[in-house]
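One structure is given here, and the rest of the page talks about it.
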Amino acid sequence: QVQLAQSGGGLVQAGGSLRLSCIASGSINSIRAMGWYRRAPGKERELVARITSGGTISYADSVKGRFTISRDIFKKTVTLQMNSLKSEDTAVYYCNLEEWGIGSYWGQGTQVTVSS
């Protein structure tokens, strides 16, 4: 069984930084991509950043230039460095892993709160 364990997050003032980390464990044959999604109160879950096994990166327009995603395929970890945080970044952040031919796995979620 695949599990994703998240760490990081918390409360920060606007303009500050936070770092989220996620490590996958269990039987994973082949990783297609890893990434981060978030769900703000009253909103749908949205993609924040995603990185494929080949290194292709995509970001939500709202976080471009402020957030940086990185990953280690061999260690099965993905990290999201969040700088210049804004109040609108407040959300529960979820780690995601896509496995070829299988589907997606999700972390437990981590609260990020940015105070203005």
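Using only C-alpha atoms and all pairs of different ones, pull out the Kirkwood radius for the chain in Å with one decimal. List each step's numbers first, then the result.
Working: mean 1/r = 0.0708 Å⁻¹.
Computed over the chain, the radius equals 14.1 Å.
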Checklist entry - Expressed as a whole number of Å, what is the distance separating the alpha-carbon centroids of segment 1-41 and segment 52-116? => result 6
Next on the checklist: Run the paramagnetic zone check for S25: 7 angstrom along Cα to Cβ, then residues of segment 84-116 with backbone nitrogen under 14 Å.
Outcome noted: 108
Checklist entry - Hey, quick one: spin label on A14, modelled 7 Å out along Cα-Cβ, who in segment 38-70 has an amide N within reach, i.e. under 18 Å? => result 41, 62-64, 66-67
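I want the local charge near I57. Using Cβ-Cβ distances under 11 Å, sum +1 for each Lys or Arg and -1 for each Asp or Glu among the other residues. Could you put the intermediate results ahead of the total?
Details: positive: R50, K64, R71; negative: none.
Local net charge: +3.
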Item to check | 20 Å Cα-Cα reach of K75 towards aspartates and glutamates, excluding residues that sit fewer than 8 places from it in its own chain | outcome: E98, E99
Checklist entry - Which of the lysines could a cross-linker span from K43 if the Cα-Cα distance has to be under 21 Å and same-chain partners fewer than 8 positions apart are dropped? => result K64, K86
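So what is the accessible area of the chain per residue, in Å², with the probe set to 1.4 Å? Before the final figure, lay out each step's value.
Values: 6180 Å² over 116 residues.
It amounts to 53 Å² per residue over the chain.
Using unit Cβ charges (K, R positive; D, E negative) and no other charged atoms, how large, in debye to the nearest 20, is the dipole of the chain about its Cα centre? If you can, show how the numbers build up before the last one.
Values: 13 positive and 8 negative charges, 26 e Å.
Charge dipole, the chain, about its Cα centre: 120 debye, nearest 20.
Which of the GluC sites (Glu not before Pro) found in segment 41-116 are loop residues per DSSP with 13 or fewer other Cβ atoms within 10 Å of their Cβ? Before the final figure, lay out the partial values.
Numbers: sites: E44, E46, E88, E98, E99; in loops: E44.
Loop-located and lightly packed - E44.
The values are calculated or read from the model by the stated rules, or taken from the named source; none is laboratory data. Because the structure is predicted, anything quoted here is derived from the model rather than measured. Because the Cβ atoms are built from the backbone with ideal geometry, glycine has one as well, and the counts that use them run over all protein chains shown. To get the accessible areas, we keep the full protein, side chains included, count just its heavy atoms, and leave off ligands, DNA and RNA. Shrake-Rupley method; radii C 1.70, N 1.55, O 1.52, S 1.80 Å.
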